[in-house]
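The structure under discussion appears below in the form of structure tokens.
The values are calculated or read from the model by the stated rules, or taken from the named source; none is laboratory data. Bear in mind the structure is a predicted one, so any value in this text is a computation, not a measurement. Every residue, glycine among them, receives a Cβ derived from its backbone with ideal geometry; neighbour counts consider all protein chains shown.
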Amino acid sequence: MLSVRRSLHIGREVDVRGVCDLKIPPLAVGMTSYACSDNLPTMATGKEAQQLEIRRLGKSEIKPTALGLGGGHLGWEHLSERNSIDTIHHAIDLGINFIDTAPAYGLSEERIGKALKGEWRERAYLQTKVGSHPDYLRDWSKEATTWSLENSFKLLRVDYVDSVLIHGPRHDIEAPLDECFGVMKDWKDKGRIGAIGVAVRQPEFHKRAIEEGADIILSFLNYTLVDQTYAEEAIPFAIENDVGVIIGSPLANGLFAGPEPIQTDETRTHGEDGKLVPAAAGSHLDPAAFPPAHAIWKWCIDTDVNIRTLALQFALHAPVKGNGIVLTGASNPTEIEETYNDAITTIPDDVWDTFGAEFGVKV
């Protein structure tokens, strides 16, 4: 049995433990961006680094900051390895203590592994996923799951990961919850994984996973300024069962990043049945998302409200009762700095009231 004991020194908490197909567009659109990270922004220290709220993720031992770093952008081949490592280090120095990745994210796991050498690993919780490696895509067998976990741990350069999630089953949750989840439970029992769960859109999948013992659920694109369905079923059931909640894609894959949301010919992703795949609903690939997103964008322009701050703060105010976090990506140090600033910026009550009156959406 592997044994890991480490202290996590972030924000206001010290945690000492003994434990044995959607292509994402750049968040950089509309943000200040560096092609490389030769000139890094000034890093926040002291009180600034403690401004993010410390939350919890259900019955797991994870005590994450309210904002976590998604690793999808960090694996892009056109971005340098140095840029990705600098982005991760800057996020941690800002006080962000939760980093998410997956086999599907290109070079993300490898780069995160290099970034979290030595003391850096002691300063961040780490989450990866199974079921999305290109060589074993949605193969939920015992053999494929074991191979995926071993490969991820090798790339991440670790013998312990704080949480691992089943990644993106489309039409069926029972197969993933059989052999795949069984392997994950075994690794958790052996002390190689701290918490297990699912990353998927469908609320009925969340419910089944919780019934089978999931510690964490992750969904994306369904707690945004245009879609709050995550709070209708999945979040209440998770809170009732003390399961941690992760909210992904609060900017709706760039619809609320700042630039005017404009529909293009590429705005569609359909499955074999001709229907929009679950992972694309509410994103830049969903034609139905553009009219409400554009109306909100115009309202923000007219009222001089930063749409990115509004969207992120809305997600941070989701009804998780302190039992959940928001996960968003960044492709360079400047983007994570801007996102961090959005996360610690207060939206006045009168702005929320006016927005709610206009769009019927309230925090």
Point to revise | Residue list for segment 129-145, filter: on the phi < 0 side of the Ramachandran plot and of a type in the set (D, E, K, R) | key: LYS129, ASP135, ASP139, LYS142, GLU143
Practice item. Answer yes if at least one residue in segment 253-269 is crowded, with 23+ Cβ neighbours inside 10 Å, within 25 Å of HIS73 (Cβ to Cβ) and in contact with a strand residue (DSSP E or B) (Cβ under 7 Å, 6 or more places away or on another chain), and no otherwise. Key: no
Revision key, fill the gap. When PRO261 is run through (1) part of a loop (DSSP other than H, G, I, E, B); (2) modelled with pLDDT of 95 or more, the failure sits at (2)
Point to revise | Filter pass, ILE307 being touching a Phe, Trp or Tyr at 6+ places or on another chain (Cβ under 8 Å), over 30 Å from GLU240 (Cβ atoms), β-branched (Val, Ile, Thr) and surrounded by 22 or more Cβ atoms within 10 Å (Cβ to Cβ) | key: yes
Practice item. May I ask you to list the residues in segment 280-327 that are assigned to a helix (DSSP H, G or I) and under 19 Å from the mean Cα position of the chain (by Cα)? Key: ALA280, ARG308, THR309, LEU310, ALA311, LEU312, GLN313, PHE314, ALA315, LEU316
Point to revise | Filter result for PRO333 (under 16 Å from THR229 (Cβ atoms), modelled with pLDDT of 95 or more and out of contact with any strand residue (DSSP E or B) (no Cβ under 7 Å at 6 or more places or on another chain)) | key: no
Point to revise | Test result for ALA318, over 25 Å from SER60 (Cα atoms), among the aliphatic types (A, V, I, L, M) and out of contact with any Lys or Arg (no Cβ under 8 Å at 6 or more places or on another chain) | key: no
Check your understanding: When both residues are 6+ apart or on different chains and their Cβ atoms are under 6 Å apart, which pairs have a first residue that lies in segment 172-186 and is among the charged types (D, E, K, R), and a second that is surrounded by fewer than 14 Cβ atoms within 10 Å (Cβ to Cβ)?
Key -> GLU179/LYS142
Exercise for review: For segment 125-138, name all the residues that are assigned to a loop (DSSP other than H, G, I, E, B) and surrounded by fewer than 24 Cβ atoms within 10 Å (Cβ to Cβ).
Suggested key: SER132, HIS133, LEU137, ARG138
Check your understanding: Applying the selection to segment 166-200, what residues are of a type in the set (D, E, K, R) and either crowded, with 24+ Cβ neighbours inside 10 Å or part of a strand (DSSP E or B) (or both)?
Key -> none
